[in-house]
Every structure is written in structure tokens, then in C-alpha cells.
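Encoded as C-alpha cells, the structure appears first; notes follow it.
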């Protein structure tokens with residue numbers, strides 16, 4: 001460790017006992033190190049001698065006058081609710097997107113060029129979990145009719161989850 | 001002393017914080033009294049003028065109050081206050097650099113009904129020349145501090161002037177311990193270099209002590 005860093009650590013009392021002893025022994029024979037220590041000590045003494053003004057006597061009163069006008073920090077309950085809301089947000093976004101796709105698919109399937117297909121309840125339940133697969137399954141049913149089992153059937157899903 | 005004879009215990013920072021969160025805005029005054037001196041002095045040292053010190057100190061406490069819901073008690077309340085203070089000091093310093101305004105320096109004489117007087121009269125019976133040297137030296141030290149970057153100045157103020165440990169500084173500024181140590185080293189080295197003529201060449205008083 002170079003001399004300047006040693007001096008800095010020494011002044012902060014951060015040298016281990018053995019390092020400190022070694023540093024102090026070196027001070028006796030190393031004039032440059034001794035000068036560095038003296039210069040750094042004197043610099044810090046100048047810094048610490050800088051006076052500061054006390055805050056104005058009415059500082060606290062002025063602060064409180066502003067604080068009373070400021071918006072209050074949220075109560076614990078409302079903060080906890082907001083924090084919980086932040087955790088729920090990803091799930092809510094997914095559900096909202098799923099509902100939007102579901103609505104679009106219904107509109108497409110109910111159009112003049114396609115059959116009026118009613119989706120099974122299992123398909124509706126699946127919307128909230130996997131948007132892409134649902135959209136593909138809906139396209140599949142449009143092509144082949146409602147009787148054809150698609151990849152979104154509960155039995156198939158159960159197999160996939162295993 | 002309470003009515004039972006037991007010594008009255010002052011509420012802790014966390015207790016006061018909880019009271020404020022529960023709607024007792026007046027409990028915040030206890031925190032203001034506890035920390036206003038520390039905040040005010042820190043801002044003075046960081047920004048070097050009295051107007052900024054007053055303005056920013058008020059801003060600090062309003063911000064601390066408004067964002068108390070974000071204080072989770074994992075760090076000390078002091079650390080939280082220092083964090084807010086450090087950020088607002090940086091903001092104010094940058095604004096001043098972009099649009100410099102006339103602000104009363106801590107070294108400027110005060111206007112009074114009897115004319116101008118020194119803002120801080122040194123407590124000594126020294127000769128006028130020594131007083132002038134002391135004033136000049138003080139101004140030079142302040143100037144050297146303001147020449148440091150915000151990052152270096154914050155660390156040296158917090159450690160060497162306000163007595164915070166490396167760990168407390170790291171927590172307040174959100175930086176690693178090694179970075180605290182490195183910045184402190186560089187800040188001290190820069191100050192030493194800037195004040196070298198004053199440390200070596202300035203006439204000393206009796207006993208080899210500095211005039212300041």
C-alpha cells in the first residue's frame with residue numbers, strides 16, 4: 001500500500017494492530033512518510049477549524065409551517081394496499097390482455113365469413129393462462145369445427161402440466 | 001423525571017416516525033429538532049452559502065416528511081435523512097452551476113446598522129494582520145472544498161467533519177464501502193494539494209501552531 005493511502009488509513013484508525021506498529025516504526029526512519037502524515041494532519045486540522053453558522057432560531061418553526069401544508073405520508077394501510085397492488089399488477093396486465101384477445105377472437109369468429117362458434121368453459125378458463133396457445137386453438141376450431149379436440153382440452157393440458 | 005420518579009425516556013426516531021405515519025404531524029417536530037442542526041451544517045459545508053443552507057434544509061425536511069412511507073426502518077433514520085440531504089445538495093449545486101445567483105458567502109461581511117462587520121469574528125486577541133490571514137485562510141479552505149466534485153466533497157464532509165463511519169456513509173449514499181474509502185482518499189489528497197501553500201508557507205503563531 002502506498003504511503004498516502006497508509007497515512008489515510010492510519011489517521012482513520014483502520015490499520016490492524018500489526019500494520020499500525022509497522023507504520024509507526026517506519027515513520028521514524030522514513031522522512032517522506034513523516035512529512036506526508038504531518039501535511040495530511042495539518043490539512044484536516046484546517047478543514048475542521050472551519051466554523052459553521054448555527055441555523056436561524058426560527059428554522060424549526062418555518063420547517064413545521066411548510067410540513068403542515070405538505071401532503072401527508074400515506075397511512076400504513078394505504079401504503080400496504082398500494083404495495084400489494086404493485087405485486088398484483090403483472091397478473092392484472094396478463095388477465096387484461098387475455099380478455100382483450102378473447103374479445104377480438106369472439107368478434108372474428110362471429111363475423112359474416114365464419115361460423116358462430118361458442119367456446120367451451122374450459123377454453124374460457126384457459127384464456128387467463130396462455131394467450132398464444134388460446135389464439136392458435138381458436139384458429140384451429142374455426143378451421144375444423146367445434147367437435148375437433150384442440151390442444152387446449154383439459155386432458156391434454158393435464159398431460160402437459162405433468 | 002416522570003410522576004413515578006422514573007426517568008423520562010425520549011421517544012426513539014422510529015417511534016416518532018410511526019406517530020407521524022399515524023397522522024400525528026406534530027410528532028415530526030421532534031425529528032426536526034433532533035436533526036435540523038446536522039442537516040443545516042451539512043448543507044452549509046456542501047454548498048458554502050447561508051441562503052442555500054436555509055432553503056435546502058427546509059426542502060430536506062419537507063421531503064423527508066412527504067416520503068416517510070418509503071422509510072422501512074432497515075437503515076437508521078439518520079441515514080435516511082442524510083440520503084435525502086445529499087441528493088438535494090447535489091440538485092441545488094447543479095442548479096447553481098447552470099444559473100449562478102448571488103448568494104451570501106459564509107465569508108462575506110454582514111450588513112448591519114453600524115456598517116459591515118465580519119460574519120465570524122475570530123475569538124483571539126491577535127493583530128489585525130493575523131486576523132486578515134485567518135479570514136483569507138478560511139476562505140481558501142472553503143473554496144478548496146467547493147472545488148471538489150460533489151461526490152468527493154460529500155464523503156469528506158460526512159467523515160472528517162461530521163464523524164460518520166465508512167459504513168454509515170456507504171448506507172447514506174448507497175455506495176460500496178470500498179468506494180467510500182477511495183473517494184475519501186482522493187478528496188483528502190486533492191485538499192492537501194490545494195492547501196499546500198497554506199500548510200507549509202503560512203506564518204505560524206507561537207509554538208508552531210497555525211493562525212487559523
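Values quoted throughout were computed directly from the atomic coordinates according to the rules given, and no laboratory measurement underlies them. None of the values given here were measured: they were computed from a predicted structure. We place every Cβ from the backbone using ideal geometry, glycine too, and count neighbours over all the protein chains shown.
Label-to-label distance for residue B:4 and residue B:147 is 6.1 nm, based on points extended 7 Å past Cα in the beta-carbon direction. Highest average first, the peptides B:40-49, A:50-59 ordered by how many other beta carbon atoms sit within 10 Å of their residues are B:40-49, A:50-59. Can you bin the range A:1-68 into rounded, prolate or oblate? Criterion: square roots of the alpha carbon gyration tensor eigenvalues sorted a ≥ b ≥ c, rounded for a/c under 1.5, prolate for a/b above b/c, oblate for the rest. Judged from the Cα gyration tensor, the range A:1-68 comes out prolate (a/c at least 1.5, a/b above b/c). Residue by residue along B:51-64, Cβ atoms of other protein chains within 10 Å of the local Cβ number 3 on average.
Residue exposure proxy: B:28, B:185, ordered by other Cβ atoms within 10 angstrom of their Cβ from fewest to most, comes out as B:185, B:28.
Peptides B:16-24, B:157-165, A:24-32, ordered by how many other C-beta atoms sit within 10 Å of their residues on average, highest first, read B:157-165, B:16-24, A:24-32. Can you compute the FRET efficiency between residue A:31 and residue B:76 using 1/(1 + (r/R0)^6), with r the Cβ-Cβ distance and R0 = 51 Å? Round to the nearest 0.05. After rounding to 0.05, the efficiency reads 0.70. With each label modelled as a point 7 angstrom along the Cα→C-beta vector, the residue B:67-residue B:167 pair spans 2.5 nm. Shielding by partners for peptide A:38-44, expressed as the average number of C-beta atoms from other protein chains within 10 Å of each residue's C-beta, is 6.
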